[in-house]
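**Q** This structure is in structure tokens; I'll ask about it shortly.
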Amino acid sequence: MDRREIAALLAYIGRLDPRLIRTTEREAADQLDQWHELLGDVPSTTPHGWDARVAARQHMRTSPYQIVPADVACPWERYRRDRLARHSDPTPSADPDDQAAWTAELVSTRHAVAVGTAQPAQARAITNGQDEIDPRLEARLREVGSCIPPAARAALAPYRRARAAREAAVAQGQPDALSVRCERCQAQPGEPCRRRRIGPDGGVRATTPRATPHPSRLDLAAARQTRQTEQVRQPSMA
């Protein structure tokens with residue numbers, strides 16, 4: 001609050017509690033200086049629920065003691081802590097590789113929440129993916145083409161051989177083998193096929209992921225792709 005807002009707050013409190021009224025100009029100026037020094041960083045009001053006059057009135061309703069600046073500052077600090085405790089940092093729209101811009105956006109968002117000019121961002125629950133995306137993030141995703149940049153995808157390919165083979169097959173128009181369940185190794189859709197390691201006694205000791213799917217799984221995926229293509233063609237021919 002600036003000096004004008006402090007003076008308005010003191011006038012409001014003086015109407016409710018005449019004990020706070022100062023009769024001389026010097027005493028009033030000293031009182032204004034004291035309250036401004038202690039409450040200069042406390043806003044008069046915010047768009048989201050804070051009002052210094054409400055805090056002052058609440059104190060005078062519930063306490064027999066004369067109000068002091070701390071009786072306004074303490075509710076303000078509780079207000080700030082409560083908002084920050086309910087805030088979950090949303091993903092900044094800045095480039096993650098630009099650490100300065102990324103940090104600056106986080107800090108500015110937290111500051112806006114703390115001072116009451118923005119609402120806390122709640123942690124989002126798991127959804128079906130149909131929620132609205134930040135337009136800035138959506139534009140950047142269209143620019144990049146994927147959540148994983150091409151350079152990072154190429155660097156990860158040796159460590160994700162099954163995923164790399166799947167992406168290469170789809171890019172060439174081949175059926176996506178991992179879209180169906182493997183009848184041989186029982187791998188579920190989205191999971192790579194697995195190779196069994198047989199022990200000397202003939203039992204399965206372990207399984208390891210295969211870089212390529214089983215041929216029978218490829219056949220199932222091809223058959224499924226053919227059926228889907230025929231279903232699309234039939235309505236158009238009709």
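Where a number appears in this text, it was derived from the coordinates with a stated rule and is not lab data. This is a predicted model, so every value here is computed, not measured. We place every Cβ from the backbone using ideal geometry, glycine too, and count neighbours over all the protein chains shown.
**Q** Quote the relative contact order of the range 1-138 in percent (integer), defining contacts as alpha-carbon pairs under 8 Å separated by 6+ residues. If you can, show how the numbers build up before the last one.
**A** Values: 120 pairs, mean separation 29.9, N = 138.
Normalised by residue count, the contact order of the range 1-138 is 22 percent.
**Q** Work through the residues other than Ile13 whose Cβ is under 9 Å from its Cβ and net out their charges, Lys, Arg +1 and Asp, Glu -1. Intermediate results must be reported in sequence, preceding the final value.
**A** On the way: positive: Arg15, Arg53, Arg57; negative: Asp17.
Counting the neighbours of Ile13, the net charge comes to +2.
**Q** Determine, for Leu137, Leu10, the number of other Cβ atoms within 10 Å of each Cβ, and report the residues in order from fewest to most.
**A** Fewest-to-most ranking of Leu137, Leu10: Leu137, Leu10.
**Q** Let me ask you something else. Sorted by average packing, counted as other Cβ atoms within 10 angstrom per residue and highest first, what order do 214-222, 13-21 take?
**A** Working: 214-222: 17.2, 13-21: 13.6.
By packing density, highest mean first, the sequence is 214-222, 13-21.
**Q** Same structure, new question: When log10 I(q)/I(0) by the Debye sum over Cα atoms at q = 0.09, 0.11, 0.13 Å⁻¹ is calculated directly from the model, which label among (1) -0.36, -0.54, -0.75; (2) -0.44, -0.65, -0.87; (3) -0.69, -0.82, -0.98 fits?
**A** (3)
**Q** Would you please give the residues with an amide H less than 5 Å from that of Thr207, counting only those at least 5 places away or on a separate chain, with H modeled from the backbone geometry?
**A** Arg197
**Q** So, in nm, how far is label Tyr65 from label Ala223 when the simple model puts each one 7 Å beyond its Cα toward the Cβ?
**A** Reported label-point gap for Tyr65 and Ala223 is 8.2 nm.
**Q** So for the chain, averaging the separation of alpha carbon pairs under 8 Å that are six or more residues apart and normalising by length, what relative contact order in percent results?
**A** 11
**Q** I would also like to ask the following. Tell me, what is the FRET efficiency for Leu84 and Ala7 to the nearest 0.05, using R0 = 30 angstrom and their Cβ-Cβ distance as r? Don't jump to the answer; show the numbers that get you there.
**A** Numbers: r = 30 Å, r/R0 = 1.00.
The value I calculate is 0.50.
**Q** Treat every Asp and Glu Cβ in the range 3-80 as -1 and every Lys and Arg Cβ as +1, leave all other atoms uncharged, and give the resulting dipole magnitude about the Cα centre to the nearest 20 debye. The partial results should precede the final answer.
**A** Values: 11 positive and 11 negative charges, 65 e Å.
Dipole size: approximately 320 debye.
**Q** Moving on. With each pseudo-label sitting 7 Å past Cα toward Cβ, what's the Leu106-Leu156 distance in nm, one decimal?
**A** Roughly 2.1 nm, to one decimal.
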